[in-house]
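Structure record follows, encoded as structure tokens.
The values are calculated or read from the model by the stated rules, or taken from the named source; none is laboratory data. Model, not experiment: these values are computed from the prediction. Heads up, the Cβs are rebuilt from the backbone with ideal geometry, glycines too, and the neighbour counts pull from every protein chain shown.
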Amino acid sequence: MTVTFRCDGPLEHGPRVSASWIGPQRLEELIGQPRDLRVVISVFAYIDNTIYSVVMEAFDVLGDPVRRRILELLIDGESPAGMLGAVVQDEFGISQPAVSAHLRVLRENGFASVRAVGTRRLYAVEPEPLRELDEWLGRYRKFWSQRLDALETELAREDVIAATRGRQPMRSEMVGKSRDETATRYELRRRPIGGGPARCAVFRRTYDAVIDDVWDACTDPARLRRWYAPVEGDLTLGGTFTQGPLGTGRVVACDAPRLLTVELGDAVPTTDEIELRLRAVDGGTELEFEHATTRDGQEVDGHIFDAVHCMGGGYGPRLLTLEEHLRGDLPPGLDPATLHLVPEYRLAIDVAMASLDELLSADNTAADRPGQD
């Protein structure tokens, strides 16, 4: 969306110039001859009108709340089309073709780009149109900056008055505690476990908590019962445990506070294995949760679904409840065994299942290619 022009008249043979950086001194260099004031005025009038037109087109693109939401979802990096579709469909109640239409508008107007990785389409933000829009808005920023400065002064004055009268300040600190269903990253791997070759669903998320606290929340049955499942038993090396409707398990490896490996069920050799890996990062903790299974399908309400697909419905919302538990704002009375029935966690389930479905589709396509083992 960089604006360019070629001047008429005395400048008709001049170079093409970007309207985003041209200035009077540079214009004089480009003209290469004594400036005609009328030419200079007409050139800058043309630039101003062209920029205005481009900015108005940008406002048309960003005036739609669905397209703004899509760009918000892409702020932290590339995201697959399936994940974007799941979030937008859930939040706005629109169809998948409608989501595709909004993505096309963003692509065609330069706000987003897409690249194919196997059968997946990964979208990313293109910053240049947003940068040019921000530059145009810069001339008006002084108006709201002055008002915000005045508001800050008034709030500070009210705080001083409240403190002198022994009351709480009007402006208590407010911490945003919204759920971010898109912060979890997903991966599909393959490796052998006791029961044979297994497919592994990997969930990766970073928490604003020290590694020891995250480890304790994941291994203390009393804390697990609040956000994960009704766990009872011993989660140290060699220990066994139950987890309500999720079955039984035994700990086969433990290196606190970084690694926990458990085998699920009573089958020997096991058909399912879970491995929890923690890593300290920038004052927080990265959690990598891997569930490996040799099973192809899982029965749910009398229907058979892909076993890896079902993991999204189980672990997607629980990675959110872990975050809320670590922050201390887990909803009171929440039963983690019924998260699939709580509307507030429906989006987390949809996003996780859509992300795993996209990985499964790519994996199946790769397995069907000639020459693949």
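What to note about this one:
- Residue ID - nearest to GLY313 (Cα to Cα), chosen from residues in region 80-97 that are modelled with pLDDT under 85 and assigned to a helix (DSSP H, G or I): GLN96
- Enumerated strands (runs of 3 or more DSSP E) restricted to region 210-282, each holding at least 2 residues that are within 25 Å of ILE193 (Cα to Cα) and among the charged types (D, E, K, R): 248-255, 272-281
- Any hit, region 294-305, residues being touching an Asp or Glu at 6+ places or on another chain (Cβ under 8 Å), assigned to a loop (DSSP other than H, G, I, E, B), among the β-branched types (Val, Ile, Thr) and over 27 Å from ALA183 (Cα atoms): yes
Yes/no matrix, rows are residues, columns are (1) touching a helix residue (DSSP H, G or I) at 6+ places or on another chain (Cβ under 7 Å); (2) without any contact (Cβ under 8 Å) to a residue 40 or more places away in the chain:
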| site | (1), (2) |
| --- | --- |
| LEU235 | yes, yes |
| GLY239 | no, yes |
| GLY249 | no, yes |
| GLU286 | no, no |
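- Residue pairs meeting the criteria (Cβ under 8 Å; at least 6 apart or on separate chains; first over 23 Å from GLY297 (Cα atoms), in region 310-337; second of a type in the set (Val, Ile, Thr) and modelled with pLDDT under 90): LEU334/VAL342
- Cβ separations smaller than 9 Å between residues 6+ apart or across chains give the following pairs from region 76-91 residues that are at positive phi to residues that are surrounded by 19 or more Cβ atoms within 10 Å (Cβ to Cβ) and of a type outside the set (Ser, Thr, Tyr): GLY77/VAL125.
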